[in-house]
Amino acid sequence: MKQYCFSLENSFLQNGLVSCLEEMYNQTMPVIVCVGTDGVVGDSLGPLVGSFLKEKNLPAFIYGELFNPITAKQIVGIKEFIYKTHPDSKVLVIDSAVGDQEEIGLIKICDQGIKPGLGAKKDLPKIGDISIIGIVEKRGKIEKLKSTRLRLVYKMAQEIALAIEKHIVFNIVKESKIKSLTKIGKLQKSTKKAN
């Protein structure tokens, strides 16, 4: 298992997340599942990321946002839907999490999916192939998620969404360069044959 951690205060956060996505999630048409609810501030990271990404109109399948969140109750159904609709795709899942006091503000990216709801002691199935989680609150009483600082969750969501956007745009540019070079190569071959 590969896992990388970045502090929200780290000046290399963006470059680090983009590099990790490039290493772990090299997919031309991303499938992104953003888990959480806007009903609890500490659990709204996923829906915020989903909303930020949808606003950008990126070439990606984005599931879960503020106006249509994917909550714990929907995980089983959405997992079935995702894997039937995108059977050959790697799924990137975004969620908030709880951790130790010193972990609050960390963003972790891992080459494995997650089991949403662990912090609330829920037994839900694993979803995703790659995961990005933001540690938003101290492990303990789940009620604390209701009093999590919105600015922390919002800033994490902005940073995660921006890194995903940069990754997608980078892959589009890379893909178009490859197509252009392939087209030039074919053109050169046909010109040589004609001569």
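Just so it is clear, none of the values below were taken in a lab; they were calculated from the coordinates. If you're wondering where the values come from, they're calculated on a predicted model, not measured in any experiment. Every residue, glycine among them, receives a Cβ derived from its backbone with ideal geometry; neighbour counts consider all protein chains shown.
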Simple label model, 7 Å out from Cα along Cβ direction - Asn26 to Lys56, nm:
2.0
Over the stretch 3-194, what relative contact order in percent results from Cα pairs under 8 Å that are six or more residues apart?
27
Ser89 to Lys166: FRET efficiency via 1/(1 + (r/R0)^6), r the Cβ-Cβ distance, R0 25 Å, to the nearest 0.05?
0.80
Can you work out the base-10 log of I(q)/I(0) for the chain at q = 0.14 1/Å, using the Debye formula on its C-alpha atoms alone?
-0.74
With r defined as the distance between the Cβ atoms of Asp100 and Lys73 and R0 fixed at 25 Å, what FRET efficiency is calculated, to the nearest 0.05?
0.35
Which parts of the stretch 98-129 would a label at Lys138 reach, counting a residue when its backbone N lies under 16 Å from a point 7 Å out along Cα-to-Cβ?
98-106
Would you mind checking Lys108/Lys155; Lys84/Lys122; Lys126/Lys155; Lys56/Lys146; Lys79/Lys122 for any pair whose Cα atoms are more than 19 angstrom apart?
Lys84/Lys122; Lys126/Lys155; Lys56/Lys146
Compute the length gained on full extension between Asp111 and Ser7: take 0.36 nm times their separation in residues and subtract their Cα-Cα distance, giving the result in nm to one decimal.
35.6 nm
